[in-house]
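Everything below concerns the one structure shown next.
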């Protein structure tokens, strides 16, 4: 019995080609879900409670709310925001390249140059299309 | 080479006809095309046996194992001859009729002829299927554009009916093809395909439904009276005189020799259907007032008899069928011509509104009577020869001997089925005499009424057309030997392949 | 490889031409020239003239299968441009961008047709899908177009998610994305492999709009601007099928027996739902959407059979279906009224257009002498040769008979009914010429399918 637990199970778990290798993942999922569930339940049970109607009010920084939340905003904000995200993400691709810059050599350099080139095309495009023009 | 011309002339003629501007030019042109086709076919008939004049073969789709191969054996010869002769007759007899967009009408008519010729000549299953469908499409347009009031739904029903049938046949063809030794669609390879009895049993229905709808056999007939009634008369002639023969011909060439075991399993069941069809259609015909519908139902009865004789599976019966296909084609076209003449003159086809025409139009009356008598198969007319042979075949058939399971459910043990079938079919003939004579009496004799009082006799060209047909009717009625000679060899060959006893010996 | 790079560059070029070229006809001409260039480059590629030589590290494989399909797809797109490029002007103001998006979609099509690694398949599917979401919603003022776009986007992302999950599971099973490795791994299937296979199957079935994953199709095809529906329903769908075929005929070939039944059921369902629902449609555009589902059902037969005939047949089917559907849509775009009644009396006013439209519809219905017949014939033949599932074949032909009903309704309206068939715009002479050539091609393929299939081998 002891033997089985010690040896077979570890072999079972280490063999990447079986479903068994997923058992740690499954265990972790169980623990995570269990822990969160337990914490939620515990705080709910243990913490003091005051049930008043004020608690259901919309509340922000201690100031009472007034007016409609859905106010129209210029589409330009969104446009600029989404373009920022796009070009910002580009930077992420430089991190792996920066780490491997020597290993990839000139070949890698051309590849990255092409990548940047494509982005430059996109940038020229949005510039020419007037996406960044703030005033009409 | 003639075999190719039979398809090529009407095909090109039809296409050219679409581009002719004037209706009258198109009409004359289509007649020219039809006459040329007929003359060449007659020349081909005179060719001695064994020449390659009536067959043709060329590569078509080698990857699929299909060739563009045509051959006119005995039975196909009779039917191509019928098609070639019938077209000039049809065109001349409807000469007076005016059509909107006549060039298209005649174009479609000629395309139909090309399709029909292809069906009768093809000896390659895929090619056969091609033509089988191609004959249908122009007819669909003919009926839907130039037909009667209810033409659109009626024609559509006809189309869907036949299309379902032919698609099932397509599955059958592909299945048989997959069982051939050399993966080929050629007729000979099909005959030698290795199929078990069980496979033949269900394949039989895949093929037979397609053919039965075309013929039509009870209970697949419901499209037929409506379509005949609604189509323009020239198209009705093609439909009833020629297209119906596609079904019977296909059974002879593509079913009996191909699936002998299947045929043997189902022969009695199909015979029962045929007999029911004969009696049923005859009874309904008795009640009809519209002459077109009367002829339509009478046609169902006649076809039922032919199908009965087909599945009797003996030489006499089948020869009767081949002869009768020709005769029925001629006779029914003659009947439509008469109806067309009456309708042109008096503006109605209702028998109750007509009467006393014989007094005003003696020539029409005489010719009508002869054609009608041929339709009831009176001796000395062509109909008699065919029906006599068919009855002989049914009566002496050995195909019905033994125990049977009808449609897989009803068990049957009858020794004298041949006699029973003969008697029942005979009742159909008697009924046919009743309704035909009644029609003659109502239309031709009695007192004239307001409508028919101003009647006149038929014109010279109409007289000539009918006279030629009547001459053919009587000549074949008295001396059918030449026609029998043509079909004899082929019938024997088909029956050899269809004979199960023979199969077992091999 | 030639076509992939050129079409990517063309996409960028079209973006630039949106602000560099002033006239719309100039934009159109650039797009046409580019399309022609791509087609030629691909044909050169097929016969050994590689313009670029970039190592793909075994992630892509440009074999005859993929190159041949690319040629078909590019040729169809070229014809589509010739017929409908002018009609794109009316969709919105971003004329050049529409072309640009289509060129990007073509990149995705090349990827999907020639992937060797599941990652490339995923990339290809996404590169096809994302521009399509935009094209679907490009008619910004039209609420139906917006709805279609959102619906397509949500459901499309969902199916992509399923696909990714499937790829992950397969990686867990085989330890590789390479489909050649997957074949070997398939000989010892585990529950992981089967689950991954099923997920990929469902995701691909979604992309080709096979039932029961077809629910997006009618709404999206109906809501999208008609020009783009035409492109989406033909070339894109064809590409998805080719990807489907490539995936299942290589990666999962060793498991054929396991999934054949699933495909058979999906095929039968697709045929049933597509055909029966199409019968009840009043709008021709919506009818064509359902008809595209039913045609997909027929193409599924190739996947079901998975033999030599099936491969040939799928190419023929894809060509026949795309050509005919592009033609029907090109005529439909010109109409003012998209219902069946809108075509009443069309033959009298436009005899030529009616005639070619009839050829297209006959081809879709599978009437002999048109390419559609031989395509269906090949499919049935492949299925019969696969053996054992005869009920499916018989069911398929019965459904083909049903399909005649709705295709012929259009013919009936054009020829047999009275009406004035309002046309919303001028029909130019070159347009008629191209349609005539298209109809001729369909008849040519209907008589000699080898005119196309020959090039698959030589």
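Table for the structure above
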| read-out | value |
| --- | --- |
| Residue list for the stretch A:1-59, restricted to those being at pLDDT below 80, farther than 30 Å from residue C:169 by Cα and either assigned to a helix (DSSP H, G or I) or within 14 Å of another protein chain (Cβ to nearest Cβ) (or both) | A:2, A:3, A:53, A:54, A:55, A:56 |
| Every residue from the stretch C:204-219 that is assigned to a helix (DSSP H, G or I), within 19 Å of residue C:248 (Cβ to Cβ) and either outside the structural domain of residue C:168 (by TED's automatic domain parsing) or touching a residue at least 60 places away in the same chain (Cβ under 8 Å) (or both) | C:205, C:207 |
| Checklist (1) within 14 Å of chain C (Cβ to nearest Cβ); (2) in contact (Cβ under 8 Å) with a residue 24 or more places away in the chain; (3) part of a helix (DSSP H, G or I) applied to residue B:193, failing item | (3) |
| Within the stretch C:413-458, tally of residues that are part of a helix (DSSP H, G or I) and farther than 24 Å from residue C:47 by Cα | 21 |
| Condition check for residue C:25: assigned to a helix (DSSP H, G or I), touching a strand residue (DSSP E or B) at 6+ places or on another chain (Cβ under 9 Å) and not assigned by TED's automatic domain parsing to the domain that holds residue C:438 | no |
| Among residues of the stretch C:96-122, those that are surrounded by fewer than 23 Cβ atoms within 10 Å (Cβ to Cβ), part of a helix (DSSP H, G or I) and in contact with a strand residue (DSSP E or B) (Cβ under 8 Å, 6 or more places away or on another chain), counted | 1 |
| Single residue of B:44, B:23 found to be surrounded by fewer than 22 Cβ atoms within 10 Å (Cβ to Cβ) and under 22 Å from the mean Cα position of the chain (by Cα) | B:44 |
| Filter pass, residue B:185 being within 24 Å of the chain's Cα centre (by Cα), surrounded by 21 or more Cβ atoms within 10 Å (Cβ to Cβ) and in contact (Cβ under 8 Å) with a residue 12 or more places away in the chain | no |
| Test: residue in the stretch C:285-293 that is assigned to a helix (DSSP H, G or I) and within 14 Å of chain B (Cβ to nearest Cβ) | no |
| Residue C:182 more than 12 Å from every other protein chain (Cβ to nearest Cβ), part of a helix (DSSP H, G or I) and either in contact (Cβ under 8 Å) with a residue 40 or more places away in the chain or surrounded by 21 or more Cβ atoms within 10 Å (Cβ to Cβ) (or both) | yes |
| Residue C:453 being touching a residue at least 12 places away in the same chain (Cβ under 8 Å) and more than 9 Å from chain B (Cβ to nearest Cβ) | no |
| Given (1) assigned to a helix (DSSP H, G or I); (2) at pLDDT below 90; (3) within 10 Å of chain B (Cβ to nearest Cβ), index of the condition residue C:368 fails | (1) |
| Total residues in the stretch B:132-166, condition without any contact (Cβ under 8 Å) to a residue 40 or more places away in the chain and within 9 Å of chain C (Cβ to nearest Cβ) | 12 |
| Residue match in the stretch C:428-444 (condition: surrounded by fewer than 16 Cβ atoms within 10 Å (Cβ to Cβ) and at the interface with chain B (Cβ under 8 Å from one of its Cβ atoms)) | no |
| Qualifying residue in the stretch B:69-81 (condition: within 11 Å of chain C (Cβ to nearest Cβ), out of contact with any strand residue (DSSP E or B) (no Cβ under 8 Å at 6 or more places or on another chain) and either surrounded by fewer than 24 Cβ atoms within 10 Å (Cβ to Cβ) or more than 30 Å from residue B:174 (Cβ to Cβ) (or both)) | no |
| Total residues in the stretch C:378-392, condition in contact (Cβ under 8 Å) with a residue 24 or more places away in the chain, under 11 Å from residue B:171 (Cα atoms) and within 8 Å of another protein chain (Cβ to nearest Cβ) | 2 |
| Conditions (1) within 14 Å of chain A (Cβ to nearest Cβ); (2) touching a residue at least 24 places away in the same chain (Cβ under 8 Å); number of the one not met by residue C:6 | (1) |
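The values are calculated or read from the model by the stated rules, or taken from the named source; none is laboratory data. Worth saying up front: this structure is predicted, and the values here are computed from it rather than measured. We place every Cβ from the backbone using ideal geometry, glycine too, and count neighbours over all the protein chains shown.
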